[in-house]
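What follows is a single structure, written as structure tokens, with notes after it.
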Amino acid sequence: MSASVPKFKLSGNDISKSFTFGVNVFSGVNIELHNGELIGIVGENGAGKSTLVRLLCGVLTPSKGEIQFEFSGKSIDREYLHQYIGMVSPYLNLYEEFTAWEHLSLSASLRGIEFEEEFCARSLEQFSLEKRKHDHIRTFSSGMKQRLKYVLAIQHKPAVLILDEPSANIDSVGVEAVLRLIERQIARGGGVIIATNEERESSMCSRVVSLKKSW
Ligand SMILES: Nc1ncnc2c1ncn2[C@@H]1O[C@H](COP(=O)(O)OP(=O)(O)OP(=O)(O)O)[C@@H](O)[C@H]1O
Ligand SMILES: [Mg+2]
């Protein structure tokens, strides 16, 4: 597969985040992701991996420092970051009253993109969900919901995939599907960030940002 993602750089420079005034979850964190890279965020429970993930997605703002995203030579504002990033995490909520297929259709319209049925059908197949696509999400198992999050995260073919606890709730077949997805993302010139406690996952990364628990 030839690279198709334009040149980009996602970076955080000297980032600090505190939720309580004067108490930093972390400080002085630097992170940088370019085309074709897989990087990791590691650290023990409570070290701030999910917090850093939320900062990189533009869901939270840093208390100090800046998150920057350059795409095709242009600097992208935080409010548009979601167009370039696909995120998967166990704490992300789905609209469970919809079927998987309806959710994909809804997400396409919320994102303002065309509902590419063939691409979505193929993605569902890659995550072994095609037979259940017309079932309500509330009837899915936790692993099936997690698999659907992957299908949703790649729907807009994002430049960057950010995966928090990539193998949470999924079985070994699902983990294989995730690994193949990461390979495809890298092959098309995209980038991947994984936040993980699993040595098996962080060892695949070319660089790792290690966070230390501050308490
Ligand atoms: N919304 C919030 N308000 C206050 N404190 C928060 C909030 N979110 C996270 N924290 C605190 O920030 C710290 C880091 O939490 P975070 O969830 O980022 O850790 P983590 O590295 O992802 O941990 P885990 O491995 O358990 O997923 C913790 O001390 C947590 O209590
Ligand atoms: Mg976390």
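Read-outs: derived from the displayed coordinates by stated rules, not from any lab. Because the structure is a prediction, the values reported are computed rather than measured. Virtual Cβ from ideal backbone geometry, glycine too; neighbours counted across all protein chains shown.
How much length is gained on full extension from residue 173 to residue 198, taking 0.36 nm per residue of separation minus their Cα-Cα distance?
Numbers: separation 25, 0.36 × 25 = 9.00 nm, distance 1.72 nm.
That works out to 7.3 nm of additional length.
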Mind checking which of 15, 76, 113 has the largest fluctuation in a GNM of the chain, springs on alpha carbons under 10 Å? 113
If unit charges are put on Cβ atoms (+1 for Lys and Arg, -1 for Asp and Glu) and the dipole of the range 38-135 is taken about its Cα centre, the option from 72, 109, 124 lying farthest towards the positive end turns out to be 72
Expected unfolding gain across residue 19-residue 206 under the 0.36 nm per residue rule, minus the alpha-carbon gap, is 64.3 nm
Straight-line reach from residue 49: which lysines have a Cα under 27 Å away, not including same-chain ones fewer than 8 places off? 7, 9, 17, 64, 145, 149, 157, 212, 213
For the pair residue 60 and residue 125, what calculated FRET efficiency results from E = 1/(1 + (r/R0)^6), where r is the Cβ-Cβ distance and R0 = 41 Å, to the nearest 0.05? 0.75
Obtain the nm distance between the two label points defined at residue 83 and residue 180 by a simple spin-label model: each point lies 7 Å from its Cα along the Cα-to-C-beta direction. 3.2 nm
Could you give the length gained by full extension between residue 135 and residue 115, i.e. 0.36 nm per residue of separation minus their alpha carbon distance, to one decimal place? 5.3 nm
Any idea what the dipole of the chain comes to, in debye rounded to 20, about its Cα centre with Lys/Arg Cβ at +1 and Asp/Glu Cβ at -1? 320 debye
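Could you calculate, for the range 8-210, the ratio of the Cα radius of gyration to the Kirkwood radius, expressed as Rg to Rh? Could you put the intermediate results ahead of the total?
Numbers: Rg = 16.7 Å, Rh = 17.4 Å.
The Rg/Rh ratio comes out at 0.96.
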For the range 55-185, calculate the relative contact order in percent as a whole number, restricting contacts to Cα pairs under 8 Å that are 6 or more residues apart. 31 percent
